[in-house]
Amino acid sequence: MYPDKKITIAIDGYSSCGKSTLAKALAKKLGYIFIDSGAMYRGVTLYCMRHQLILDGKPLNEKIEQALPFIKLSFIYNASTEKHDLYLNDENVEELIRMPDVASNVSHIATIKCVREKLVDEQQKMGQYGGIVMDGRDIGSVVFPNAELKLFVTASPEIRAERRLKELTQKGVSANFKTVLANLVERDLIDSTRTESPLIQTKDAVFIDTSNLTPTEQLQLSLTFVNQVLENCKDKTNC
Ligand code: CDP
């Protein structure tokens, strides 16, 4: 059903809208690589928090730029979760980067130009041979502007907050709906209004509202778009 041709799939959208769940499921179905670019921004944020590079919620941009060469990020497959865990300087930080304290700082770190340049460069190298599904905020606009398929995913803020709260509760992290919702709304605002690579829906992206879709339904819907792209690619030499 899925031919040798391996395309690039860019998934962008608001916080906790189901992007990573969808990206992971698509990659599994297609036999592609899945990269959660948000994990990389979270990894840099954790490093900055540990090294006092954020003061009263404000990133110390110059010091962060000097620290960047010392921040090594990598993804290593974890067979028990069937996911790639993020490693920060060879330490598995997959759990730590999902904690609310990282969530409340990450969007500030993600506004910094040199941070974005470093991570975009690494992301482009990961996707240079295609066969990749990457989710984030600037994937269709900056990282892979020539991606064969771009999806822009959203859901209502309340539904997104409920989903994130459920995830945190399942991990044993105490959180409440109001705080989680406030964090999502704040991050959405910072992400879509920042100067460097703001979150936008590019003209060529397919819009998907997952508010009333189950993970299986959003996967099925997205696979119809994948199949359309692969069908269109059949007779073309340039895709
Ligand atoms: O999972 P969730 O939607 O909460 O966020 P994430 O994908 O883990 O991303 C965390 C934060 O990293 C976002 O709120 C953005 O500030 C930033 N980010 C970004 O700026 N560009 C990306 N490509 C991915 C994430």
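Distances between placed amide hydrogens fall under 5 Å for Leu149 paired with Thr8, Ala10, all partners being 5 or more residues away or on another chain. Remark: region 76-84, residue by residue, has Karplus-estimated 3J(HN,Hα) of 10, 5, 10, 5, 6, 9, 6, 10, 8 Hz, where x stands for each Gly or Pro and the curve is 6.51 cos²θ - 1.76 cosθ + 1.60 at θ = phi - 60°. Compared with the dominant principal axis of the Cα atoms in the chain, helix 19-30 is inclined by about 40°.
Using θ = phi - 60° in the Karplus curve 6.51 cos²θ - 1.76 cosθ + 1.60, the 3J(HN,Hα) couplings for region 62-70 round to 5, 5, 5, 4, 5, 7, 3, x, 9 Hz; x is entered for Gly and Pro. Per residue, the chain exposes an accessible area of 51 Å² to a 1.4 Å probe, with every protein chain left in place.
When you count the other C-beta atoms within 10 angstrom of each residue and take the mean per peptide, 190-200, 80-90 line up highest first as 190-200, 80-90.
Amide H contacts under 5 Å for Glu94: Leu86, restricted to partners 5 or more places along the chain or on a different chain, H placed in the peptide plane at 1.01 Å from N. Shown are Phe177, Phe207, whose ranking by accessible area with a 1.4 Å probe and every protein chain present, most to least, is Phe207, Phe177.
Spin-label pair Ser104-Lys28: with each label point 7 Å from Cα along the Cα-Cβ axis, the two points sit 3.3 nm from one another.
Counting protein heavy atoms only, the chain has 53 percent of its accessible area on carbon and sulfur, 1.4 angstrom probe. In plain terms, the chain from Ser74 to Thr169 could stretch by 31.5 nm, reckoned as 0.36 nm per residue minus the Cα-Cα distance. Here the spin labels are modelled as points 7 Å beyond Cα on the Cα-Cβ line, and at Thr202 and Asn227 they lie 2.5 nm apart. For region 115-125, putting each phi into the Karplus relation 6.51 cos²θ - 1.76 cosθ + 1.60 with θ = phi - 60° gives couplings of 5, 4, 4, 4, 6, 4, 4, 5, 5, 5, 5 Hz, in residue order, rounded to whole numbers and with x for Gly and Pro. Protection proxy ranking, highest mean first, for peptides 38-46, 180-188, 167-175: 38-46, 180-188, 167-175, where packing is the per-residue count of other beta-carbon atoms within 10 Å, averaged. Quick check: the angle from helix 215-233's long axis to the longest principal axis of the chain, C-alpha only, nearest 10 degrees? Computed tilt is about 50 degrees.
The values are calculated or read from the model by the stated rules, or taken from the named source; none is laboratory data. Just so it is clear, the model here is predicted, and its values are computed rather than measured. Here the Cβ is made from the backbone with ideal geometry for all residues, glycine too, and neighbour counts use every protein chain on show. Side chains included, ligands, DNA and RNA excluded: accessible areas come from the protein's heavy atoms. Shrake-Rupley method; radii C 1.70, N 1.55, O 1.52, S 1.80 Å.
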